[in-house]
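Chemist: My questions will all concern the structure given below.
The values are calculated or read from the model by the stated rules, or taken from the named source; none is laboratory data. Since we're looking at a predicted model, the values are computed, not measured. Don't worry about glycine lacking a Cβ; one is built from the backbone with ideal geometry, like all the others, and counts go over all protein chains shown.
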Amino acid sequence: MATHDHHHHHDHAHRRGGGGYRFCPRCAGPLAPRTLKDNEPRRLVCEKCSFIFYQDPKVVAGTICTLDRGVVLLRRGIEPAMGKWVFPGGYVDRGESTTEAAVRETREESRLEVVTRSLLGVYSYPGSPNVIIVYVADVVGGTLAAGDESTEAGTFPLSRIPWDDLAFPSTVEALKEFVRLCGAGEIC
Ligand SMILES: [Zn+2]
């Protein structure tokens, strides 16, 4: 059992990652991985002041919107997945609502003004810190252009979505759901 537990915790620590953090953000003492509860991953704990450095998930919010009957996608100009296509989105700031973040990121990345209409889906994956919240949105202003972090902006009819050139698993899953809902006549 001890061996099993060891592997279990090691896997958790590896999958969740230590984030490369070595020093306590409160007192600058050394951080070390500690098992605090048997059924939880190991936590980084300060050896001087016992501060527990929880490594929380990161929340991403994005939108899928259409313009001229095509889905708005951006070609990423930064790693990861540089050169691949993704819908507008980015990290939610602390204190910001997820819909505000989705609208803001869409404005920054595509220069489009949108309003969110409905929740399309929430996507998360073992081993990834990101929780991705995707909204269906309507364009209400702006002019489509590649903004922050993208090199190209485009609109893709549902029959021509670049499935083999999409950035992330969440990009594929959200677009599949969008296409499914459109086919069912529910959103477009
Ligand atoms: Zn400390």
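Chemist: Against the definition (without any contact (Cβ under 8 Å) to a residue 60 or more places away in the chain and under 11 Å from Ser150 (Cα atoms)), how does Ser110 come out, yes or no?
Modeler: Here the answer is yes, as Ser110 does meet what is asked.
Let's see how each residue does on (1) within 17 Å of Ile187 (Cβ to Cβ); (2) in a loop (DSSP other than H, G, I, E, B); (3) aliphatic (A, V, I, L, M):
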site	(1), (2), (3)
Glu96	no, yes, no
Thr99	yes, no, no
Glu109	no, no, no
Val114	yes, no, yes
Ser118	yes, no, no
Ile132	no, no, yes
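Chemist: Among what's in the stretch 25-43 and is within 11 Å of the ligand (Cβ to nearest atom) and in a loop (DSSP other than H, G, I, E, B), pick the residue that is surrounded by the fewest Cβ atoms within 10 Å (Cβ to Cβ).
Modeler: Pro25
Chemist: Identify, please: which residue in the stretch 48-90 is of a type in the set (Lys, Arg) and farther than 16 Å from Val131 by Cα and is, among those, surrounded by the fewest Cβ atoms within 10 Å (Cβ to Cβ)?
Modeler: The selected residue is Arg69.
Chemist: Every residue in the stretch 151-161 that is surrounded by 15 or more Cβ atoms within 10 Å (Cβ to Cβ) and out of contact with any strand residue (DSSP E or B) (no Cβ under 6 Å at 6 or more places or on another chain), please. Steps first, answer last, please.
Modeler: Filtering the stretch 151-161 down to residues surrounded by 15 or more Cβ atoms within 10 Å (Cβ to Cβ) leaves 153-156, 158, 161.
Selection gives Leu158, Ile161.
Chemist: State all residues of the stretch 127-145 that are modelled with pLDDT of 95 or more and either more than 9 Å from the chain's Cα centre (by Cα) or within 13 Å of Phe178 (Cα to Cα) (or both); if no residue qualifies, say none.
Modeler: Val134, Tyr135, Val136, Ala137, Asp138, Val139, Val140, Gly141, Gly142, Thr143, Leu144, Ala145 - these are the residues of the stretch 127-145 that are modelled with pLDDT of 95 or more and either more than 9 Å from the chain's Cα centre (by Cα) or within 13 Å of Phe178 (Cα to Cα) (or both).
Chemist: Filter the stretch 117-139 for residues that are hydroxyl-bearing (Ser, Thr, Tyr) and either outside the structural domain of Gly89 (by TED's automatic domain parsing) or crowded, with 18+ Cβ neighbours inside 10 Å (or both) and give the result.
Modeler: Tyr123, Tyr135 - these are the residues of the stretch 117-139 that are hydroxyl-bearing (Ser, Thr, Tyr) and either outside the structural domain of Gly89 (by TED's automatic domain parsing) or crowded, with 18+ Cβ neighbours inside 10 Å (or both).
Chemist: Take Leu44 and tell me if it is among the hydrophobic types (A, V, I, L, M, F, W, C) and within 26 Å of Arg160 (Cα to Cα).
Modeler: Working: among the hydrophobic types (A, V, I, L, M, F, W, C): yes; within 26 Å of Arg160 (Cα to Cα): no.
Answer is no for this residue.
Chemist: From Asp164, Asp93, Asp148, which residue is among the acidic types (Asp, Glu) and surrounded by 14 or more Cβ atoms within 10 Å (Cβ to Cβ)?
Modeler: Details: Asp164 fails: surrounded by 14 or more Cβ atoms within 10 Å (Cβ to Cβ); Asp93 fails: surrounded by 14 or more Cβ atoms within 10 Å (Cβ to Cβ).
Asp148 is the lone residue from the list that is among the acidic types (Asp, Glu) and surrounded by 14 or more Cβ atoms within 10 Å (Cβ to Cβ).
Chemist: Determine whether the stretch 97-105 contains at least one residue that is surrounded by 17 or more Cβ atoms within 10 Å (Cβ to Cβ) and either more than 17 Å from the chain's Cα centre (by Cα) or closer than 26 Å to Pro41 by Cβ (or both).
Modeler: Looking for residues that are surrounded by 17 or more Cβ atoms within 10 Å (Cβ to Cβ) and either more than 17 Å from the chain's Cα centre (by Cα) or closer than 26 Å to Pro41 by Cβ (or both), one finds at least one in the stretch 97-105, hence yes.
Chemist: Now for a separate question. Does the stretch 94-106 contain at least one residue that is in contact with a Gly (Cβ under 6 Å, 6 or more places away or on another chain), modelled with pLDDT of 95 or more and basic (Lys, Arg)?
Modeler: Looking for residues that are in contact with a Gly (Cβ under 6 Å, 6 or more places away or on another chain), modelled with pLDDT of 95 or more and basic (Lys, Arg), one finds none in the stretch 94-106, hence no.
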